[in-house]
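Inspection log for the structure reproduced underneath, given as structure tokens.
Nothing in this text is a laboratory measurement; each read-out follows from the coordinates by a stated rule. Note that this is a predicted model, so its numbers are computed, not measured. Because the Cβ atoms are built from the backbone with ideal geometry, glycine has one as well, and the counts that use them run over all protein chains shown.
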Amino acid sequence: MIAALEAAVHRVLDHLAGELSDLRLRQAEVNVLAQLRPGAPRSVGELVAATGQWPSTLTGVLDRLERRRLVRRRVNPADRRSFTIALTASGERAAARVHVAFAALDEAVLAELPPSAADGFHRVLDAIERQTRGRS
């Protein structure tokens, strides 16, 4: 099951890379933009949890997105030791494209499945999360 999941993830990433090639973004950058919404900054810790990336990896990803002026970092008003990440106007446009590509693939896949299959898939993902949390 895990080998099949990993292979499917690679096919999804290849598909999304093709759909979003004009944005010239790396997969990890797409992953971050998929987690951001206009007017809703997120803390770095939230993005680490949402993207599954290591904090050190996420720092580099955010550096690249910031250099491209797609996101901006601000001191977190709730915890001045950390930062929040927000989309810029350009970032909002790129994130919208990412969200559309994700939604289109979701819709196409779900159209082939009964609702119970999607529910079962989410239960599998939850079990994988429980078994792998905090391990690496």
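Values computed for the structure shown
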item: Computed lengthening from Asp106 to His122, 0.36 nm per intervening residue step minus Cα-Cα distance; result: 4.5 nm
item: The range 2-132: translational diffusion in µm²/s, Stokes-Einstein, Kirkwood Rh over Cα pairs, 25 °C, 0.890 mPa s; result: 153 µm²/s
item: Proxy reagent accessibility, fewest Cβ within 10 Å first, across Phe83, Phe121; result: Phe121, Phe83
item: Relative contact order for the chain, counting Cα pairs under 8 Å that sit 6 or more residues apart, in percent; result: 24 percent
item: Of the DSSP H helices in the chain, those whose Cα atoms cover at least 24 Å axially and whose Kyte score averages 0.0 or more; result: 2-19, 89-111
item: q = 0.19, 0.20, 0.31 Å⁻¹, the range 1-53: log10 I(q)/I(0) [Debye, one scatterer per Cα]; result: -0.77, -0.83, -1.13
item: Efficiency of FRET from Cβ geometry, Asp63 and Val12, R₀ 35 Å, rounded to 0.05; result: 0.90
item: Assigned charges on the beta-carbon of Lys, Arg, Asp, Glu; the chain dipole about Cα centre (debye); result: 860 debye
item: Segment Arg74-Trp54, length gained on full extension (0.36 nm per residue, minus Cα span); result: 5.2 nm
